[in-house]
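Quick notes on the structure that follows.
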Amino acid sequence: MMRHENSKAPRAARTGLALACAALSLALASPALAQQAPDTLVVTAARLFDASNGRLIDNPQIVIRDGRISAVGRAGDAAPEGARRLDLPGMTVLPGLIDMHVHLDSDPSYGGYTGLQFNDRFWSVLAVKHAQQTLQAGFTTVRNVGADAWNDVGLRQAIDEGKLAGPRIVTAAYSFGATGGHCDSTYFPPSMAQKNPYNADSAAEARKSVRELRKYGAQVIKICATGGVFSRNTEPGQQQMSFEEMKAVADEAHQWGLRVAAHAHGAAGIRDAIRAGVDTIEHASLIDEEGIRLAKQHGAWLSMDIYNTDYTQAEGKKNGVLEDNLRKDREVGDIQRENFRRAHAAGVKMVYGTDAGVYPHGLNGKQFAVMTRYGMSPAQAIRAATFDAAQALGRKDVGLIETGRWGDLVAVAGDPTQDVRLLESVPVVVKGGEVVKDAR
């Protein structure tokens, strides 16, 4: 019996070797069968916005190969044979835009208690539509700084797997802070026992929350250092996390290679967050001179959402937002905008963050004009949503049209460095070399 099996073995080996040699010969004769030809897109336009310096380059040609930019040159340069083409005469091409502060599972149509009429998974489903609207608006990367029930993590994974259309998402999962603070559940009586599962009331608890959130998909840590506008029983100026707690968060997150964002309206909370090593200060509404000095000294970025008050004051009451929340919104809105002007004039690093979810997703581009109204040039505002935002994220794969980065582009008719409102309605969007919108 053993001899019979052994006698078959050489014959099977010879057959396998012959098949392998045949396959190799066929591959050598036809390289296309050995390796699928890369997908290539060649983009030409009238102008390219160089986000590294805010200048325009005439007649660019961009080659995107397998999702990444492989060459940036001038129209007429040699292009790969058989590549798809996207010719954009008269248009300006820019890096895909980045919004550093969104909440994709939030919908401003439901303010106050009106959202309680829906099942918890309602918000997970809405996040899919919101992601699509955000991408269609030209924002190919977003940082989602707070979501319920891991909605943003699941959404990111589905987009990355190609199951859904949406931007690249940097996920914070749950934002957290002190018990009873802005990141806690503050709208319900004790009998309902509602609370944030990651509340942290000591430095040790703060470290543990960072570790658990990272374990389950957080790519950035978001804390609430002060009270807020749209929580109940908190005031924006109140500091709600101690310096020691915030330092524990920053130290732990940085040890794991994560960056930290802090919701901070109040001046004292802003100062302690910066001293603690927080990377980006969200809102920064009541920042004072000392806070501005510290931001410059420590290199902290400010992400100031200076458009959304227009929406919340116009539509909030109709959407069910409580009067106390609208009162706080009115009180900080104009102050925040003037402090944006002061911080920018002082040379503080700024990024583009809108708080989309407080106002409708897809309108992210409306903040550009407000940023220019309060002191930025159009080019500076665009940089805040491209190159500067990528730096604040610590990423070198987005934010710039450069070899090696993702092929994420937007294009508008005309020159957005002269009329930044062109970015409020972006007709052409490319993500990873795929044209996801062409509404010319």
q = 0.21 Å⁻¹, the stretch 220-320: log10 I(q)/I(0) [Debye, one scatterer per Cα]:
-1.01
If you put +1 on each Lys and Arg Cβ and -1 on each Asp and Glu Cβ, how big is the dipole of the chain around its Cα centre, in Debye rounded to 20?
1260 debye
In the chain, what percentage of the DSSP-assigned beta bridges are antiparallel, given to the nearest 5?
50 percent
Column: log10 I(q)/I(0), Debye, Cα scatterers of the stretch 129-193, q = 0.22, 0.28 Å⁻¹
-0.86, -1.18
Show me the trypsin sites (Lys or Arg not before Pro) within the stretch 145-235 that DSSP assigns to loop and that have at most 13 other Cβ atoms within 10 Å of their Cβ.
LYS163, LYS195
Percent of Cα pairs exceeding the 26 Å cut-off, where the set is the stretch 164-293:
19 percent
Give the distance, in whole Å, between the Cα centre of the stretch 118-174 and the Cα centre of the stretch 336-362.
22 Å
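Counting only Cα atoms, I'd like the Rg/Rh figure for the stretch 325-370, Kirkwood definition for Rh.
1.00
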Based solely on its DSSP helices, what 222 nm [θ] is calculated for the chain when runs of n ≥ 4 H residues each add -39,500 (n - 2.57) and the sum is averaged over all residues, nearest 500 deg cm²/dmol?
-11000 deg cm²/dmol
Express the C-alpha Rg of the stretch 301-353 as a ratio against the empirical globular expectation 2.2 N^0.38 Å, rounded to two decimals.
1.29
Rg(Cα)/(2.2 N^0.38 Å) for the chain, N = residue count
1.13
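Since every read-out is calculated from the coordinates, none of them should be taken as a lab result. Given the structure is predicted, the values throughout are model-derived calculations rather than measurements. Note that each Cβ is placed from the backbone with ideal geometry, even for glycine, and that neighbours are counted across all protein chains shown.
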